Every structure is written in structure tokens, then in C-alpha cells.
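Quick notes on the structure that follows.
Computed from the coordinates by the stated procedures, all read-outs in this text should not be read as laboratory data. Remember, predicted model here, so these are calculated numbers, not experimental data. Quick reminder, even Gly has a Cβ in these numbers, built from the backbone with ideal geometry, and neighbours come from all protein chains shown.
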Amino acid sequence: MGSLSGSPLRMAAPGRYQFEFLESTRETPTTSSYRFSTSGTGFRYLSNQAIRLILPRVQDPWGPARTFSLSSSPSEPDVAQVTVKRTASPYKVALDALTPGERVLALGPVGDLLYDRTRESLFIAGGIGVSPFRGMIRYASDTGDHARVVLLYSARSAREFAFKSELDEIARKDPRISIRYTVTRPAESGEPWEGPTGRIDARTVQIELERLVRPRVFVVGTPGMAIETLDMLRQRLGVAEADLEYEFFRGYRG
Ligand SMILES: Cc1cc2nc3c(=O)[nH]c(=O)nc-3n(C[C@H](O)[C@H](O)[C@H](O)COP(=O)(O)OP(=O)(O)OC[C@H]3O[C@@H](n4cnc5c(N)ncnc54)[C@H](O)[C@@H]3O)c2cc1C
């Protein structure tokens with residue numbers, strides 16, 4: 001990897017690729033990751049773009065394709081991973097039924113939610129919205145040469161933090177990466193949690209904005225979470241539009 005002052009980001013033109021399904025991992029009771037081999041396909045992406053994944057044999061009222069952020073990092077060779085909230089949609093059932101060696105069609109890379117490791121970054125994730133941030137944090141950690149990164153991550157319960165042990169391990173080794181968790185519905189899960197509770201609020205964000213030097217602020221989550229958080233950033237905290245990046249996971253209510 002180049003140095004911190006390296007070359008500007010070059011985005012690959014989207015294409016059509018055949019990925020081979022490798023394996024799935026249950027990240028939390030409601031989310032799973034799906035890993036695909038990109039070996040020999042020439043697929044390249046930037047941290048952290050998305051793909052449109054088309055499954056074979058799907059009878060779904062909304063069709064055989066969905067868009068997913070990549071939760072893998074370009075520093076992980078020959079692999080593309082997506083992390084998905086499990087639902088009963090025919091598409092998700094078919095995704096979960098893939099067997100190793102099966103081929104799927106991927107269109108991409110798409111999206112311009114691009115991590116710039118030369119600038120300080122404040123990541124704000126609601127639930128499944130952590131997906132691209134896992135890729136960005138892994139990328140920052142693997143490249144080593146990056147400005148400070150803070151992730152504020154909210155989930156319904158302590159069991160719903162995807163990638164927690166990996167993220168904690170990365171933050172333990174890299175003093176320029178910090179992760180702060182908050183549980184929004186602590187009573188619901190029955191899981192012990194002694195950390196912060198409630199949504200990511202203006203006070204918490206303000207503290208991080210004061211610690212960092214004019215960070216780029218990224219917000220990713222369901223439309224409800226992302227709109228509410230962007231309102232707070234713009235109206236209550238006065239974050240400049242030029243410093244804001246966001247992605248709405250359309251397709252989820254709330
Ligand atoms: C840029 C981007 C990145 C994303 N990244 C992720 C990710 O990393 N992980 C993840 O889990 N999800 C992600 N999503 C959301 C994902 O594409 C799916 O929309 C979501 O997973 C729901 O799919 P489903 O099959 O469970 O739901 P379904 O209920 O079957 O919905 C499927 C699709 O139909 C549409 N739809 C459903 N109901 C209606 C309605 N009443 N009117 C109009 N349209 C409707 C939705 O827009 C959705 O695209 C992303 C979306 C975008 C746009």
C-alpha cells in the first residue's frame with residue numbers, strides 16, 4: 001500500500017462478474033456474512049463500495065437482485081463479502097441456501113461511499129449499517145498508514161453487534177482506531193450490558209467532533225436511522241454538508 005499522502009482514489013468502472021460462493025457465517029442472531037471468491041475475475045473495488053448481487057433460481061416479487069455494501073476490504077485478496085440482515089424474503093432465503101462452489105452474478109462495484117485514509121473519520125452505524133465500516137476499518141488497519149478513525153455503533157442488544165470481537169481486537173492494537181458501542185433496547189434481549197444505552201445522541205457525537213480534526217462524518221443505516229442522524233448532524237451540530245457522507249439501506253423500514 002502507498003503512503004498516507006499517496007495517489008488519489010481511482011474508481012473502477014462497474015462490470016459483470018461471476019463469483020463463486022465460499023461460505024456463510026452467522027454474525028449475530030439476525031445477521032449473516034456471505035463470502036465469495038473473486039479469484040481470476042479481475043474484480044477490483046475501493047474501500048468500501050457495494051455490489052448488486054443476482055442469485056440464480058429466485059422467485060421473488062422484487063426480483064433476483066439486491067444491492068449490498070461490501071463488508072470485506074480491498075486488502076483481503078480474492079474475496080468479496082457482504083453482511084446481510086436475515087429476513088424471510090425469497091431472495092434472502094435463496095442467499096442462505098447457496099452451497100459452496102455455486103456461482104452468482106455480481107454487478108459492480110457501485111457506490112461512492114469512499115473511505116479516505118488521509119482524513120480523520122467519524123463513522124456512525126445503526127445495526128446492519130456497520131457493514132461498510134467493517135470493511136473500512138479493516139482496510140485502515142491493514143494499510144497501517146491512516147488518520148484517526150472513530151466508530152459510533154448502535155444495536156438493539158449486546159448480541160446484535162456484528163464483528164465486535166474483530167473490531168475490538170483491531171482497536172486494541174491500533175491507537176488511531178476507537179470503537180464506542182451503545183445498546184438501544186437493553187431490556188429486550190436479557191443480555192448483560194454495562195456499556196452506554198440509548199441512541200447515538202448529539203452529546204456523544206459532539207464529544208467526538210471536538211476530539212477529531214474536521215473529520216469526514218459517515219452515516220450508514222436504515223432510512224429512519226440515517227435521516228434522523230443526518231438531521232442531528234446538520235441542524236444541531238452544524239456539520240458542513242461537504243464533510244458528510246451517507247448511505248441509506250433502502251429496503252428496510254424504520
Ligand atoms: C447502497 C445500498 C447498500 C445496501 N447495503 C446493504 C447491506 O450491506 N446489508 C443489508 O442487509 N442490506 C443492504 N441494503 C438493503 C438491501 O439492498 C435490501 O433492500 C434489503 O436487504 C431488504 O431486502 P429483503 O429481500 O430482505 O426485503 P424485501 O422486503 O423483499 O424488499 C426487497 C426490495 O423491494 C423493495 N420494496 C419492498 N417493499 C416495497 C414497497 N412497499 N414499495 C416499494 N419498494 C418496496 C425494497 O426497496 C427492496 O429493495 C443496501 C441497500 C442499498 C441501496
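Scanning residues 5 or more positions from Thr38 or on other chains, those with amide H under 5 Å from its amide H are Val79, Ala80, with H placed 1.01 Å from N in the peptide plane. The local environment of Gln18, defined by Cβ-Cβ distances under 11 Å, has a net charge of 0 under the rule Lys, Arg +1 and Asp, Glu -1.
Computed over region 15-110, the P(r) tail beyond 22 angstrom holds 20 percent of alpha carbon pairs. The magnitude of the dipole of region 50-143, with charges of +1 and -1 set on the Cβ of Lys/Arg and Asp/Glu and taken from the Cα centre, is near 260 debye. Each 5 Å bin, from zero up to the one with the longest distance, holds this percent of the alpha carbon pairs of region 121-248: 2, 11, 22, 24, 22, 13, 5, 1, 0.
For Lys173, a cut-off of 21 angstrom between C-alpha atoms picks up these lysines, skipping any fewer than 8 places away in its own chain: Lys164. Put simply, the C-alpha atoms of the chain give a gyration tensor, and the ellipsoid matching it has half-axes of 28, 23, 17 Å, longest first. Once the Cβ-Cβ distance of Arg199 and Ser178 is raised to the sixth power relative to R0 = 22 Å, the FRET efficiency obtained is 0.70. The modelled label-to-label distance for the pair Arg253/Asp168, using points 7 Å beyond Cα in the direction of Cβ, is 3.5 nm. Couplings for region 39-56, taken from phi via the Karplus curve 6.51 cos²θ - 1.76 cosθ + 1.60 with θ = phi - 60°, read 4, x, 8, x, 5, 9, 8, 9, 6, 9, 7, 10, 10, 9, 9, 10, 9, x Hz in order; Gly and Pro are left as x.
Specify which residue in the list Trp62, Ala13, Leu151 is farthest towards the positive end of the charge dipole of the chain, using unit charges on the beta carbon of Lys, Arg (+1) and Asp, Glu (-1), about the Cα centre. Highest projection toward the positive end goes to Trp62. Let me spell out the model: positive unit charges on the Cβ of Lys and Arg, negative unit charges on the Cβ of Asp and Glu, origin at the Cα centre of region 121-248. What dipole size does that give, in debye rounded to 20? Dipole about the Cα centre, nearest 20: 180 debye. For the pair Thr87 and Arg119, a Förster radius of 25 Å applied to the C-beta separation gives a FRET efficiency near 0.10, rounded to the nearest 0.05.
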